[in-house]
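Take a look at the structure set out below.
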Amino acid sequence: MYLLIRVLEYHWRDRTDVYLGGNMFIYFDPNQQKNRNFRGPDFFVVKGVTDQRPRHSWVIWEEEYRTPEEEKFIEAIEAELFAESESAARRVAEQRAESERQRAEAEAEVARLMALLKGQSSHDSQVD
């Protein structure tokens, strides 16, 4: 999660209204101790935040009732990461196929040269 947060901080480096949080609790209710109305996601994002101070938790009533957009954002990130990993997998498969093709060509060339050498060797022995 730390790496994901650092990457997204870089991605949004020009924006001052986005808060990225991770590995902290989000409190939705001042009485959370009684009703357990809190969550602890690995990662979340809140837009419209101008105060970029470090936080140990996201307490919505102290944050002008701004709530994380984690569900929408996580779906988008998962889709993008999946697309990237799918694209990377496709590139790896293409590279493997190309390597296999080059290896097969090299083996065929070695076999051809060996046959030539073998034929030349038997020809040389007949001439002697």
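At a glance:
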{"read-out": "Where a residue in region 1-23 is under 16 Å from PRO41 (Cβ atoms) and its partner, wherever it lies, is outside any helix (DSSP H, G or I) and among the β-branched types (Val, Ile, Thr), with Cβ under 6 Å and at least six apart", "value": "TYR19/VAL46; TYR19/VAL49; LEU20/VAL45"}
{"read-out": "Every residue from region 23-55 that is modelled with pLDDT under 80 and assigned to a strand (DSSP E or B)", "value": "PHE38, ARG39, PHE43, PHE44"}
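The values are calculated or read from the model by the stated rules, or taken from the named source; none is laboratory data. Every value quoted in this text rests on a predicted model; they were computed, and no experiment measured them. Every residue, glycine among them, receives a Cβ derived from its backbone with ideal geometry; neighbour counts consider all protein chains shown.
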